[in-house]
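FYI, it's all coordinate maths here, none of it is from the lab. Quick caveat: nothing in here was measured; it's all calculated off a predicted structure. We place every Cβ from the backbone using ideal geometry, glycine too, and count neighbours over all the protein chains shown.
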Amino acid sequence: MTETGILAVLQARMSSTRLPGKSLIPVLGQPMLLRQVERLRRCREVDRLAVATSSDASDDELAALCASHDLACFRGSLEDVLDRFVQAARLYRPVAVIRLTGDCPLTDPGLIDEVVRFFRHGGYDYVSNCFPPTYPDGLDVEVMRYACLEEAAKEAVLPSHREHVTPFLRAHPERYRLGNYESPVDRSALRWTVDEPEDLEFVRLVYGRLYPVNPNFTTEDILAVLAREPHLGAINARFGRNEGSARSKLADRQYLKGLGNVGTV
């Protein structure tokens, strides 16, 4: 076991229902996951980066990719993502953990650093930039104290709390100091994540325009492309944000009904 200050844990799996195998789908000749890792390695406030995937055979290829690129990889439960996440973090005993998902190849390392500094200076237990969102979908960042993550892993029972890692913390504002990092301009309607084939098309086009000229392209560079070519933003605009969370809420209601408690969640 080692100790670190700020650990970033990147969740990834191959069994996506909407776009199976998306982590290894190429973007300009490299697996999408590696394109995201390339950007994450530019973060200055992150001491260590690890991938958390499942022990299911479907993720063997993903784990092999990490091994071949000297990228730390923990394998745990496919369904209980909170347990997988906390076990990955437990190997390092960090002060704080950043939660990231492996379907965001346009992730912004500068923004991640800003959110971490906001977390530190504000004395928070948990900070995000997406509750409510003001940044494009695909630039989501969550930072939490490791001790709080351990508490969530021990106490959370709702399906949505186990699948999405952090809802337990947000459900207890009386217990945890919560913060949200907001953009001065609301761009939450923009979709830069990859869940659908159209999302992949959008990301590939953005990379094709920017990466060959400047591999370290920024959010401002992406916005400039969209200003010049607004039709690009329409490629995946029909998809909603956080559709997976809606499915988890349904699972919560079914769980509570099974306990004889049909209260609101």
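What is the antiparallel percent of DSSP beta bridges lying wholly in segment 6-258, to the nearest 5? Among the beta bridges of segment 6-258, antiparallel pairing accounts for roughly 35 percent. Straightening the chain between residue 150 and residue 223 buys 22.5 nm, computed as 0.36 nm per residue apart minus the Cα-Cα spacing. Remark on the chain: 43, 104, 130, 148 stand apart, with no other cysteine beta carbon under 4.7 Å.
Taking the longest Cα principal axis of the chain as reference, the axis of helix 146-155 is set at about 60 degrees.
With a Förster radius of 35 Å applied to the C-beta separation of residue 28 and residue 185, the computed FRET efficiency comes to 0.80.
Taking other Cβ within 10 Å of each residue's Cβ, how do 97, 206 sort, fewest first? Mind showing how you got there, number by number?
Values: 97 25, 206 21.
So the ranking, lowest neighbour count to highest, is 206, 97.
Relative contact order for the chain: 19 percent, from Cα pairs under 8 Å spaced at least 6 residues apart, divided by residue count. With N counted as the residues of segment 58-135, its alpha-carbon radius of gyration over 2.2 N^0.38 Å works out to 1.27. For residue 64, neighbours were defined as the other residues whose beta-carbon sits under 15 Å from its Cβ, and their charges (Lys and Arg +1, Asp and Glu -1) total -3. Answer rounded, prolate or oblate for segment 1-47, using the Cα gyration tensor with square roots of eigenvalues a ≥ b ≥ c: rounded when a/c is under 1.5, else prolate when a/b is larger than b/c, else oblate. Cα axes put segment 1-47 in the oblate bin.
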